[in-house]
Amino acid sequence: MEDVVEQLFEEVKRGYQIHQHLTDDILSALNFVFQAPLLPSLDLIDHGKITHLVSPSGRSVYQVTGTTGVPYCCLASSDYCSCPAYTFSVLKRGDTIMCKHVLAIHLSEAMGLCKKQEVSNKELALLLRQMD
C-alpha cells in the first residue's frame with residue numbers, strides 16, 4: 001500500500017504542476033485510497049493551516065492547526081500525528097492509513113502549498129517535547 005500512496009502523491013505533484021488544480025481523476029484516486037480524511041485535509045490546505053517548521057540544525061516538524069484551532073505536531077516521514085484521530089482511527093481501529101493532518105501535509109507538499117517557517121533549535125525541541 002505504501003508504494004501506491006507514494007505513486008499517488010507523485011501523480012498529485014505532476015498533475016498540480018500542469019493544471020494548477022487537482023483533476024477529477026486525481027481526486028477520484030485520492031478518494032478511493034483515503035476516503036473520509038480527504039475532504040477535511042483539502043480544507044486544511046485551502047485555509048493555509050499547514051506549516052513546516054525547520055531549525056538551523058536541519059531538524060523539522062510539521063504543525064497543522066486542526067479545525068478546532070488546536071495545533072498538532074506531525075512527522076511526515078513516519079506519518080505520525082499528535083491528534084486523537086491518529087491514535088484511535090489509524091493505530092487502534094485501522095480505519096484509515098493516515099489522519100487528515102498528515103494527509104494534508106503530504107498533499108500540500110506535493111502541490112507546493114506548504115508554508116515554511118524557520119524556528120530555533122530550542123523552539124523545535126520544546127515542540128517535540130510536547131508531542132504525545
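FYI, it's all coordinate maths here, none of it is from the lab. In this text, all values refer to a predicted model and were calculated from it rather than measured experimentally. Cβ sites come from the backbone with ideal geometry, for glycine too, and all protein chains shown count toward neighbours.
Can you figure out the FRET efficiency of Glu10 with Ser77, using R₀ = 25 Å and their beta-carbon distance, to the nearest 0.05?
Result of the calculation: an efficiency of 0.95.
Which shape class applies to region 80-132: rounded if a/c is under 1.5, otherwise prolate when a/b exceeds b/c and oblate if not, where a ≥ b ≥ c are the square roots of the Cα gyration tensor eigenvalues?
The shape class here is oblate.
Assuming a ≥ b ≥ c are the square roots of the Cα gyration tensor eigenvalues, decide whether region 1-64 counts as rounded (a/c under 1.5), prolate (otherwise, with a/b larger than b/c) or oblate.
Prolate is the answer for region 1-64, as a/c is 1.5 or above and a/b outweighs b/c.
Can you count the Lys pairs in the chain with C-alpha separation below 18 Å, eight or more apart or on different chains?
Pairs that pass both the separation and distance tests number 7.
In whole Å, how far is the Cα centre of region 74-132 from that of region 3-70?
Region 74-132 and region 3-70 have Cα centres separated by 11 Å.
Just the number, please: Stokes-Einstein D of region 36-130 in µm²/s, Kirkwood Rh from C-alpha pairs, 4 °C, 1.567 mPa s.
Here the translational diffusion coefficient equals 97 µm²/s.
How large is the charge dipole for region 13-132, taken about the Cα centre, if only the Cβ atoms of Lys, Arg (+1) and Asp, Glu (-1) carry charge, to the nearest 20 debye?
That gives region 13-132 a dipole magnitude of about 320 debye.
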